[in-house]
Amino acid sequence: MDSMTRSRTATRLPLDRTAARSLTGRGRALGVALALGALLAAGATTTLAAPAVAATGDVKCPSSDCVRIAPAAGSPVAVAPDNAGAVYLAYSGGDLLKLDLATGALDTVATGLGNLRGVAVADGSAYITGFDGTLQQVTLATGSRRTLAAGLPALFGVARFGATTYVTDTNGEIVAVPDGGTPRVAATGLGFSYGLAFDKAGLAYTADMGQGRILQTNVATGTTRVLADETYEPTSISVGGDGLVYFQVGDEVKRVNAATGVQSHVTHIVGINTFSFSLAASGDAYTTGGAGDGLWRITGLTSR
């Protein structure tokens, strides 16, 4: 699985971040990617600026709208709610943990998985990406794992659609890894996106940190269109149950209607140094507060 065929061309979640502001275009995006990877690989932590003061309409953490549900969760690099009562957390040290939302129990699913970057959960399995270019599938019930692809560029975002796992890499590509098949490059020229999400129609969404773009990609044809630009270093990317595309810029959460291109402000998250979030089907968001602050839940983010 170390060869790829190419089709036509047209995710905290890192808590430790270094901006590559002197670079431009694809080089700048790659600089961001490598900086993030180097920090996480070394287990480094960063002291971020003090959170802003809440204003009317902001989500204040802690509050009834924003609760730290797992202080012991530390600093996962990626989180994925399974929409069935659990959230899965991936760590740069190679651990995959499960948080039971009803009991608060935090259990180990698997260890020794490598330098992890992203996690997606579907059909009883976790799909995890590594900075070494490896994509693995972990059976949640047993912790057993198998390698789906190796020898790829450093991988970050990951999502499942149908019988295919899709990942983003440091080359600005979406790579498709079909079950039992050979990886292929589905789209290029996307910049650096730490996350990846799909809508119900199978269209993919990425947030290009380097060029400030929110992109929609048809992974069957490789064609891409820009939904929003001039957005400084967008981080997380999610599709809500309402079909809208959610992303984060600094402490601000925004959304864009992919059909109309209309973009709107959702809220600011203040009180914690969140970098990114993952949406559940309920509209709740899960995020980390930085510096080993554990896991937080923001209730009804998409309803704001």
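The values are calculated or read from the model by the stated rules, or taken from the named source; none is laboratory data. Keep in mind it's a predicted model, so treat the numbers as computed, not measured. In this analysis, Cβ positions are derived from the backbone assuming ideal geometry, glycine residues included, and neighbour counts consider all displayed protein chains. Please note that ligands, DNA and RNA were not included when accessible areas were found on the heavy atoms of the full protein model with its side chains. Shrake-Rupley method; radii C 1.70, N 1.55, O 1.52, S 1.80 Å.
A few points about this structure:
- Taking 24 Å as the straight-line reach from the Cα of residue 254, the lysines in range (excluding those fewer than 8 positions away in the same chain) are 60, 200.
- Accessible surface comparison of 146, 160, 297, probe 1.4 Å, protein chains only, largest first: the order is 146, 297, 160.
- The residues 117, 68, 184, sorted by heavy-atom accessible surface at 1.4 Å with ligands and nucleic acids left out, run 68, 184, 117 from largest to smallest.
- Cα gyration tensor, the range 170-221 - rounded (a/c under 1.5), prolate or oblate: oblate
- Cα gyration tensor, the range 65-192 - rounded (a/c under 1.5), prolate or oblate: prolate
- Extreme residue, positive dipole direction of the range 81-186, given options 97, 176, 121 (C-beta unit charges): 176
- Residue-count net charge about residue 257 - beta-carbon cut-off 15 Å; Lys, Arg +1, Asp, Glu -1: +2
- Selection of chymotrypsin sites (Phe, Trp or Tyr not before Pro), the range 199-284, meeting DSSP coil and at most 11 other Cβ within 10 Å: 232
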